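**Q** I am attaching a structure below and will ask some questions about it afterwards.
The values are calculated or read from the model by the stated rules, or taken from the named source; none is laboratory data. Keep in mind the model is a prediction, meaning the values are calculated, not measured. Reconstructed Cβ throughout: ideal geometry from the backbone, glycine too, with neighbour counts over all protein chains shown. The area values use the complete protein model at the heavy-atom level, side chains included, leaving out ligands, DNA and RNA. Shrake-Rupley method; radii C 1.70, N 1.55, O 1.52, S 1.80 Å.
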Amino acid sequence: MIKITFPDGSVREYESGVTPLQVAESISSRLAQDVLCASVKESKVESRKTAAEPLKDEWRIVELNYPITEDAAIKLHKWEDEEAKHAFWHTSSHLMAEALQELYPGIQFGIGPAIENGFYYDVMPPEGVVINDTCFAAIENKMLELRGRKEHLEKRMISKADALKAFGEKGQSYKCELISELEDGHISTYTQGAFTDLCKGPHLLSTEPIKAVKVLSCSAAYWRGDEKRPMMTRIYGISFPKKAMLDEYLALLEEAKKRDHRKIGKELELFMFSDMVGKGLPIWLPKGTALRLRLEDFLKKIQKRYGYQQVITPHIGSKQLYMTSGHWDHYGKDSFQPITTPEEGEVYMLKPMNCPHHCAIYKNSPKSYKDLPFRCAEFGTVYRYEQSGELHGLTRVRSFTQDDAHIFCRPDQVKQEFIRVMEIINIIFKALNFENYEAQISLRDPNNHEKYVGSDEIWEHAENAIREACKEMNLPAREQTGEAAFYGPKLDFMVKDALGRRWQLGTIQVDYNLPERFELEYTGEDNQKHRPVMIHRAPFGSMERFVAVLIEHTAGKFPLWLTPDQAVVLPISEKSNDYAWKVKEILEQQDVRVIVDDRNEKLGRKIRDNELKRIPYMLIVGEKEAEQGLVSVRQQGAEEKGSMTIQEFADFVNNTVKEQMNAY
């Protein structure tokens with residue numbers, strides 16, 4: 001008998017070889033119907049002659065027919081869990097591939113992963129065949145037809161030679177390329193019906209749970225993201241266990257189109273792009289610049305409270321700087337080309353990140369343990385070359401500004417600095433109404449310490465410091481083993497917007513690599529030289545991406561303290577234009593941001609147009625208001641608030657803003 005431990009700490013005994021599905025059946029038949037996959041953490045490693053060999057003390061997602069042969073902890077995943085959705089959508093990608101194989105004989109397959117919302121498959125259609133949106137209905141119908149067969153997925157371990165032979169005979173050259181890079185003895189395939197795919201899983205046991213499917217879009221995609229390789233067709237889809245869920249998702253997609261930051265950004269005149277200036281290079285217009293600077297000022301005030309010093313560094317750096325940091329070796333297709341000068345051997349790079357410059361600032365003067373932590377912050381613009389097909393509004397650009405800061409501290413200060421950064425991020429998220437967020441702790445691979453910089457002791461200290469900081473801040477944090485960068489663990493903040501979409505925004509990253517490469521030091525209490533720990537920190541991530549997410553989260557209806565225009569004055573007729581401009585002048589003297597709409601249009605048209613501009617308050621003025629020194633106040637998307645004097649309205653706005661800001 002083996003012992004199975006459940007998330008609530010309870011323990012049950014089962015026969016060795018029990019599967020997660022059998023465990024679920026032992027609890028309730030309803031649970032067995034709903035469970036889609038499981039996570040298992042086995043207490044020790046047995047010699048398994050499969051590629052599914054578990055790592056010691058590590059959670060792994062498994063299928064429901066996975067045999068558990070030793071004491072283990074288990075989590076049973078239903079649709080609500082991310083792990084279940086991943087398995088569901090992974091199987092759905094295979095179902096779509098099976099449909100494509102039937103519809104387009106001779107089609108070649110690349111990769112078909114599950115993604116955050118749904119799945120995709122990269123395919124090479126047969127010669128002369130074009131797959132576009134006119135094909136989507138046929139693909140969906142075929143998927144549902146195949147799903148109706150309730151085909152079971154069968155996993156098979158296969159030798160490298162047999163895999164190359166099997167996929168080669170089918171003309172699947174892209175699969176053969178992937179197989180050639182795999183280690184023999186660790187290759188598996190999954191088969192459902194007449195379709196077999198190269199895959200390591202995990203999957204659903206069958207296609208039966210897939211009740212609703214939708215092919216969403218298709219686009220061109222280079223094989224393996226390399227523009228020198230063939231152009232394939234990437235087909236995106238999504239699926240659900242209930243049709244009502246699909247209908248709800250499609251309704252959210254329609255709402256997302258209305259909230260698209262590119263659309264709203266244009267309507268509100270926040271930013272623009274110009275092919276003449278260059279692809280992927282955003283230009284901030286006056287209103288967008290005002291909004292962005294207000295965000296920057298907000299963060300600067302918070303940073304000052306937390307002991308940060310503002311710095312400014314150049315937009316370029318010498319080759320030597322990046323050779324020292326180690327980034328030079330990684331420059332390639334995602335970077336701009338080096339800049340050479342008339343002086344022989346002098347080479348510069350457009351700055352892809354701010355950290356090497358900040359290391360130079362730290363090294364500028366000797367540091368004692370009493371000088372730490374040393375915190376420097378910068379809104380630094382960086383440049384990275386994104387392929388033109390990957391560019392997307394403000395979320396994927398070639399020039400962006402990071403709200404970057406670097407903390408140089410002693411090892412014993414890491415936990416407290418993490419807590420302080422988490423407090424800053426919490427303030428920002430609350431101020432901008434991002435109330436639904438969680439954290440992910442990226443840890444090193446416990447079975448492969450060789451690929452990481454730094455001793456076991458400092459890694460364990462940093463990882464435990466992050467865990468303890470999250471616990472003290474009551475922040476739910478999911479741990480991802482093996483996801484840490486080679487130079488240190490990190491904490492990412494995942495935000496859900498108003499439509500339930502997940503965005504990765506704030507990041508805190510420990511770094512043991514750059515202090516070593518730059519030979520950074522401080523003199524300790526023992527009068528000996530020590531290496532500081534470096535912490536990278538960016539609450540917004542980048543200003544461009546953050547503003548894009550904020551636009552879509554708020555649908556352009558920004559908080560009163562942040563919005564570019566807080567009020568618009570609408571004269572009823574030309575007779576009231578002079579008074580409208582007088583109102584604007586008085587309010588601006590009171591620090592209220594106001595514009596005047598004195599177009600020769602009917603009042604109803606002006607109200608509708610300014611509703612679309614998402615301006616919080618409309619001040620309607622006519623002859624009566626002019627005589628009495630009043631404004632008739634109408635709140636955006638709400639009923640009229642009645643008449644106020646100009647001073648009363650100024651006080652109302654400023655007090656509202658003050659209340660909002662005092663909360664943070």
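**Q** Considering Tyr190, Tyr236, which residue is open to solvent by less than 10 Å² (accessible area, probe 1.4 Å) and part of a strand (DSSP E or B)?
**A** Tyr190
**Q** Mind listing whichever residues of the stretch 193-233 are in a strand (DSSP E or B), open to solvent by 40 Å² or more (accessible area, probe 1.4 Å) and either within 27 Å of Asp81 (Cα to Cα) or among the hydrophobic types (A, V, I, L, M, F, W, C) (or both)?
**A** Lys214, Leu216, Ser217, Cys218, Ala220, Met231
**Q** Which of the residues that make up the stretch 383-404 are in a strand (DSSP E or B) and either at pLDDT 95 or above or open to solvent by 10 Å² or more (accessible area, probe 1.4 Å) (or both)?
**A** Tyr383, His392, Arg396, Ser399, Phe400, Thr401, Gln402, Asp404
**Q** Give the residue, chosen from Phe119, Phe109, that is over 22 Å from the mean Cα position of the chain (by Cα), within 18 Å of Leu146 (Cβ to Cβ) and surrounded by 21 or more Cβ atoms within 10 Å (Cβ to Cβ).
**A** Phe109
**Q** Restricting attention to the stretch 427-447, which residues are open to solvent by 40 Å² or more (accessible area, probe 1.4 Å) and more than 17 Å from the chain's Cα centre (by Cα)?
**A** Lys430, Asn433, Pro446, Asn447
**Q** Here is a list: Leu293, Leu285. Which entry is under 16 Å from Thr401 (Cβ atoms) and open to solvent by 80 Å² or more (accessible area, probe 1.4 Å)? Outline the logic, then answer.
**A** Numbers: Leu285 fails: open to solvent by 80 Å² or more (accessible area, probe 1.4 Å).
Sole residue among the options that is under 16 Å from Thr401 (Cβ atoms) and open to solvent by 80 Å² or more (accessible area, probe 1.4 Å): Leu293.
Yes/no per residue for (1) exposed (fewer than 11 other Cβ atoms within 10 Å of the Cβ); (2) in a strand (DSSP E or B):
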residue	(1), (2)
Ser335	no, no
Glu343	yes, no
Tyr348	no, yes
Arg375	no, yes
Phe379	no, yes
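**Q** On to the next question. How do the helices (runs of 4 or more DSSP H) wholly within the stretch 241-329 filter down when requiring 1 or more residues that are within 30 Å of Glu208 (Cβ to Cβ), modelled with pLDDT of 95 or more and aliphatic (A, V, I, L, M): which remain?
**A** Because the criterion is at least 1 residues that are within 30 Å of Glu208 (Cβ to Cβ), modelled with pLDDT of 95 or more and aliphatic (A, V, I, L, M), the helices (runs of 4 or more DSSP H) in the stretch 241-329 that meet it are 243-259.
**Q** Look through the stretch 1-37, keep the residues that are part of a strand (DSSP E or B) and in contact (Cβ under 8 Å) with a residue 40 or more places away in the chain, and return whichever of them is most open to solvent (accessible area, probe 1.4 Å).
**A** Lys3
**Q** Thr507 passes all but one of (1) under 25 Å from Pro286 (Cα atoms); (2) open to solvent by 20 Å² or more (accessible area, probe 1.4 Å); (3) within 39 Å of the chain's Cα centre (by Cα); (4) not charged (D, E, K, R); which number fails?
**A** Just one mismatch for Thr507, condition (1).
**Q** Then there is this: State which residue is nearest to the chain's Cα centre (by Cα) when the search covers only the stretch 261-272 and only residues that are crowded, with 18+ Cβ neighbours inside 10 Å and of a type outside the set (Gly, Ala, Ser).
**A** Looking at residues that are crowded, with 18+ Cβ neighbours inside 10 Å and of a type outside the set (Gly, Ala, Ser), I get His261.
**Q** Among the residues of the stretch 518-533, are any open to solvent by less than 10 Å² (accessible area, probe 1.4 Å), assigned to a strand (DSSP E or B) and within 30 Å of Met323 (Cα to Cα)?
**A** Among the residues of the stretch 518-533, at least one is open to solvent by less than 10 Å² (accessible area, probe 1.4 Å), assigned to a strand (DSSP E or B) and within 30 Å of Met323 (Cα to Cα), which makes the answer yes.
**Q** Of these, Glu183, Glu116, Glu127, Glu140, which one is charged (D, E, K, R) and modelled with pLDDT of 95 or more?
**A** Going through Glu183, Glu116, Glu127, Glu140 in turn, just one is charged (D, E, K, R) and modelled with pLDDT of 95 or more: Glu140.
Matching residues to (1) open to solvent by less than 40 Å² (accessible area, probe 1.4 Å); (2) touching a residue at least 40 places away in the same chain (Cβ under 8 Å); (3) under 20 Å from Cys199 (Cα atoms):
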site	(1), (2), (3)
Pro105	no, no, no
Met124	no, yes, yes
Gly128	no, no, no
Ala138	no, no, no
Asn141	no, no, no
Leu144	no, yes, no
His152	no, yes, yes
Met157	no, yes, yes
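**Q** Now, a different point. Applying the selection to the stretch 624-651, what residues are touching a Lys or Arg at 6+ places or on another chain (Cβ under 8 Å) and surrounded by 15 or more Cβ atoms within 10 Å (Cβ to Cβ)?
**A** Leu630, Val633, Arg634, Gln636
Residue by residue, here is whether (1) of a type in the set (A, V, I, L, M); (2) open to solvent by less than 10 Å² (accessible area, probe 1.4 Å); (3) at pLDDT 95 or above holds:
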position	(1), (2), (3)
Thr563	no, yes, yes
Leu570	yes, yes, yes
Glu574	no, no, no
Asp578	no, no, yes
Leu587	yes, yes, yes
Lys602	no, no, no
Leu619	yes, yes, yes
Val653	yes, yes, yes
